[in-house]
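The next block holds one structure in the form of structure tokens; read it before the comments.
The values are calculated or read from the model by the stated rules, or taken from the named source; none is laboratory data. Here the structure is a predicted model, which means the values were calculated and not measured. Counting neighbours? That spans all protein chains shown, and the Cβs are built from the backbone with ideal geometry, glycine included. Only protein heavy atoms, including side chains, enter the accessible area calculation; ligands, DNA and RNA are left aside. Shrake-Rupley method; radii C 1.70, N 1.55, O 1.52, S 1.80 Å.
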Amino acid sequence: QVQLVESGGGLVQPGGSLRLSCAASGSIFSVAVMGWYRQAPGKQREKVARIFSYGNTDYVDSVKGRFTISRDNAKSTVYLQMNSLKPEDTAVYYCNLFVGTLDAWGQGTLVTVSS
């Protein structure tokens, strides 16, 4: 069983930055696709960014150029650097690990962008 623990959320002013972290237990991190998703109030969960085991990444259009996903396989941790934050980025952010038939989720961390 894989456990994912997110951290780094909080309150930030528009234009500010935050870095989210997600630490994974187990030994399969290095071969897994890691992703960040978010769910704003009243909206469906959406994919924000993914990073594949070989390092390729993809992003939802609304965060391209502002967010960067990265991974440290030695630490079994994935990061989401968020810059130039906007009020519409306010959401609960979830970490996801996907490999084979395993699809694991973290508990979520709240990001609030407000002045």
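Where in the range 1-58 are there strands (runs of 3 or more DSSP E), lying fully within it, with 3 or more residues that are within 21 Å of Ser76 (Cβ to Cβ)?
Strands (runs of 3 or more DSSP E) meeting the threshold: 4-7, 18-24, 33-39, 46-51.
Restricting attention to the range 52-71, the residues that are more than 21 Å from Gly15 (Cα to Cα) and surrounded by 21 or more Cβ atoms within 10 Å (Cβ to Cβ) add up to 1. Exactly one residue out of Ala49, Ala40, Ala24, Ala74 is crowded, with 16+ Cβ neighbours inside 10 Å and over 11 Å from the mean Cα position of the chain (by Cα), and it is Ala24.
Residues in the range 59-93 that are acidic (Asp, Glu), without any contact (Cβ under 8 Å) to a residue 12 or more places away in the chain and either closer than 16 Å to Thr112 by Cα or part of a strand (DSSP E or B) (or both): 1 in all. Beta carbons closer than 6 Å, at least 6 apart along the sequence or on distinct chains, pair a first residue in the range 99-111 that is touching a residue at least 60 places away in the same chain (Cβ under 8 Å) and under 12 Å from Tyr37 (Cβ atoms) with a second that is acidic (Asp, Glu) and open to solvent by less than 60 Å² (accessible area, probe 1.4 Å) for Gly106/Glu6; Thr109/Glu6. Among the residues examined, Thr90 does not qualify as of a type in the set (Val, Ile, Thr) and open to solvent by 50 Å² or more (accessible area, probe 1.4 Å).
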